[in-house]
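The values are calculated or read from the model by the stated rules, or taken from the named source; none is laboratory data. Quick caveat, the model's predicted, so the values are computed rather than measured. Positions of Cβ are generated from backbone atoms using ideal geometry, with glycine treated the same way; all protein chains shown enter the neighbour counts. Remember, those area values only see protein heavy atoms, side chains included, never the ligands or the DNA or RNA. Shrake-Rupley method; radii C 1.70, N 1.55, O 1.52, S 1.80 Å.
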Amino acid sequence: YGAGGFQGANTGPPPGADPQLWQWFSTVDTDRSGSIAPNELQQALVNGDWTPFDLDTVKLLMTLFDTDRSGTVGFNEFQGLWKYIKDWQGVFRHFDTDRSGSIDGPELNNALRQFGYNLSPELLRLVQRKYNPQGSTGGPGAPSGITFDRFVRCCVVIKQLTEAFQKLDPYHTGSVTMNYDTFMQTVLQAP
């Protein structure tokens, strides 16, 4: 088996595979290598406003699903990635209460609180600035708020950073003391 548990580019769908998903995978695999590289996945994924996915989000998704650490996603890995994206689309639609196609400040606050992350207003503003590079007003024709791809990345990063903090805070005091090496290890292991 090659990358991601996939036998080869010209063998057709694996037994029991969804033919439509296999067709999409084959279309995205533009170099016919039998696996999808980050640039191929980025070309295939678009937000609701038809803007391409941010490359950092694509790389994060690849890291989550590239189980064999090949740097690409084979069909078996792609199946999990596809379901993950579909699940996140449902979450995004749920929290995009004004149906604008983006997540604004109050919607983000609501989403993060429901996920169990109670960020201070100052930290919430920082998160919004980081994941909405156009700013809260958006540019001409740009959505006002955080696009789908950046919302996924934002939530995954907050989850991973929180888990890293919790490992350093075994008594759940909400406070940790660490040396420089521990801090750098924590930051560098973050997405």
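Can you give me the solvent accessible area of residue 93 with a 1.4 Å probe, rounded to the nearest 10 Å²?
140
So, with +1 on the Cβ of K and R and -1 on the Cβ of D and E, and no other charges, what is the size of the charge dipole of the chain about its Cα centre, to the nearest 20 debye?
Charge dipole, the chain, about its Cα centre: 260 debye, nearest 20.
Rounded to the nearest 10 Å², what accessible area does residue 117 show when all protein chains are kept and the probe is 1.4 Å?
Per-residue accessible area (residue 117): approximately 40 Å².
Using a cut-off of 11 Å between beta-carbons, work out the net charge of the residues near residue 148 (Lys and Arg +1, Asp and Glu -1, residue 148 not included).
Neighbourhood net charge equals -1.
Pick out, from 65, 147, 160, the residue whose Cα sits farthest towards the positive end of the charge dipole of the range 42-165, with +1 on the Cβ of Lys and Arg and -1 on the Cβ of Asp and Glu.
My answer, from the dipole projection, is 160.
What is the percent carbon and sulfur in the accessible area of the range 1-129, measuring with a 1.4 Å probe over the protein chains and ignoring ligands?
Roughly 53 percent, rounded to a whole number.
Once you have a ≥ b ≥ c as the square roots of the Cα gyration tensor eigenvalues for the chain, tell me rounded if a/c is under 1.5, and otherwise prolate or oblate according to whether a/b is larger than b/c.
oblate
With a point put 7 Å past each Cα toward its Cβ, work out how far residue 110 is from residue 181 in nm, to one decimal.
Simple spin-label model gives 4.7 nm for this pair.
Dipole of the chain (Lys/Arg Cβ +1, Asp/Glu Cβ -1, origin at the Cα centre): which of 21, 111, 46 lies farthest to the positive side?
Among 21, 111, 46, the one farthest towards the positive end of the dipole of the chain is 111.
Given a 1.4 angstrom probe, what's the average accessible area per residue across the range 36-191, in square angstrom?
58
Given Cα pairs under 8 Å that are at least 6 residues apart, what percent is the relative contact order of the chain?
17
Which value in deg cm²/dmol, rounded to the nearest 500, describes the helix-derived mean residue ellipticity at 222 nm for the chain, given -39,500 (n - 2.57) per DSSP H run of n ≥ 4 and division by the residue count?
Result for the chain: -16500 deg cm²/dmol, rounded to the nearest 500.
May I ask for the net charge around residue 53, where only other residues with Cβ less than 15 Å from the Cβ of residue 53 are counted and Lys, Arg are +1 while Asp, Glu are -1?
-1
Give me the net charge for the shell around residue 73: Cβ to Cβ below 12 angstrom, other residues only, Lys and Arg +1, Asp and Glu -1.
Charge balance near residue 73 sits at -3.
Express in Å², to the nearest 10, the accessible area of residue 181 obtained by rolling a 1.4 Å probe over the protein heavy atoms while all chains stay in place.
So the heavy atoms of residue 181 present about 100 Å² to solvent.
Taking all protein chains together and a probe of 1.4 Å, list 149, 18 from the most accessible to the least accessible.
So the residues, ranked largest to smallest area, are 18, 149.
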